[in-house]
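Okay, so here's the structure we're looking at.
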Amino acid sequence: MHAPSPPPPCAERDSIAALYIENHAWLRGWLAYRLNSWGRGAAEDLAHDTFLRILSSRAGAPREAIQQPRAYLTTVAKGVLVSWMRRQTLERAWLEALAALPEPRHPSPEQQSVILETLHEIDAMLDTLKPRVKQAFLMATLDGMKQQEIARALNVAVPTVKSYIHKAYLACLSLMPDE
């Protein structure tokens, strides 16, 4: 006996369309409740981003039908929401740092955009690192801690701290364009 053949791509698209039609308003409300101070516009954007993430993650190979749509949407939306909040926090920190600079030292709007995008890329890259590597790197670069202090704080040997920081710097260098 043969296994049932996977649904054609248009059937997958139809199931996502049905998921959207049946749950978009609910998801927007769920997000709006969690974003109470950000307004419905942010909830609408994040609901849209949630469905885009679902579409992109399910593109290509056919997938099983979604058995519990709201649980699935909630899981995906939480990831989208966490990413969005981190982005907001990073942008707020950038604006605070910019406000601390005297006006003549402000970068141009184009430079500000490039700087902010670079910060987002570095943040995303740091998330790919093991937690201890990321922590050691941030302690060294942002907190200005010496390797000995980091070793004590993390309860590891100094050579381990050096290895952590080295891995993080290599990851940062991988973001740089080849010239």
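Return yes or no: is ARG70 open to solvent by less than 80 Å² (accessible area, probe 1.4 Å), farther than 30 Å from LEU142 by Cα, of a type in the set (Lys, Arg) and free of Cβ contacts under 8 Å to residues at least 60 places away in the same chain?
On the way: open to solvent by less than 80 Å² (accessible area, probe 1.4 Å): no; farther than 30 Å from LEU142 by Cα: yes; of a type in the set (Lys, Arg): yes; free of Cβ contacts under 8 Å to residues at least 60 places away in the same chain: yes.
Considered against the rule, which asks whether it is open to solvent by less than 80 Å² (accessible area, probe 1.4 Å), farther than 30 Å from LEU142 by Cα, of a type in the set (Lys, Arg) and free of Cβ contacts under 8 Å to residues at least 60 places away in the same chain, ARG70 comes out as no.
List pairs: first in the stretch 150-171 and farther than 19 Å from ALA124 by Cβ, second part of a helix (DSSP H, G or I) and acidic (Asp, Glu), Cβ under 8 Å, 6+ apart or cross-chain?
Sorted first by the residue in the stretch 150-171, then by its partner, the list stays empty.
Here's the yes/no breakdown for (1) at pLDDT 90 or above; (2) within 30 Å of LEU35 (Cα to Cα); (3) surrounded by 13 or more Cβ atoms within 10 Å (Cβ to Cβ); (4) over 25 Å from the mean Cα position of the chain (by Cα):
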residue: SER83; (1), (2), (3), (4): no, yes, yes, no
residue: LEU119; (1), (2), (3), (4): no, yes, yes, no
residue: LEU126; (1), (2), (3), (4): no, yes, yes, no
residue: PHE137; (1), (2), (3), (4): yes, no, yes, no
residue: ALA151; (1), (2), (3), (4): yes, no, yes, yes
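Which of the residues belonging to the stretch 17-55 are open to solvent by 70 Å² or more (accessible area, probe 1.4 Å) and within 12 Å of VAL80 (Cβ to Cβ)?
Passing the criteria: ARG34, ASP45, HIS48, LEU52, ARG53.
Of the conditions (1) under 29 Å from GLN135 (Cβ atoms); (2) among the polar types (S, T, N, Q); (3) without any contact (Cβ under 8 Å) to a residue 12 or more places away in the chain; (4) open to solvent by less than 60 Å² (accessible area, probe 1.4 Å), SER108 clears all except one; give me its number.
Condition not satisfied by SER108: (1).
So LYS78 ticks every box in (1) within 23 Å of LEU27 (Cβ to Cβ); (2) of a type outside the set (Val, Ile, Thr); (3) surrounded by 15 or more Cβ atoms within 10 Å (Cβ to Cβ) but one. Which box is left unticked?
(3)
The values are calculated or read from the model by the stated rules, or taken from the named source; none is laboratory data. Note that the structure is a prediction, hence the values are computed from the model and not measured. Here the Cβ is made from the backbone with ideal geometry for all residues, glycine too, and neighbour counts use every protein chain on show. What goes into the accessible areas is simple: the full protein's heavy atoms, side chains included, and nothing from ligands, DNA or RNA. Shrake-Rupley method; radii C 1.70, N 1.55, O 1.52, S 1.80 Å.
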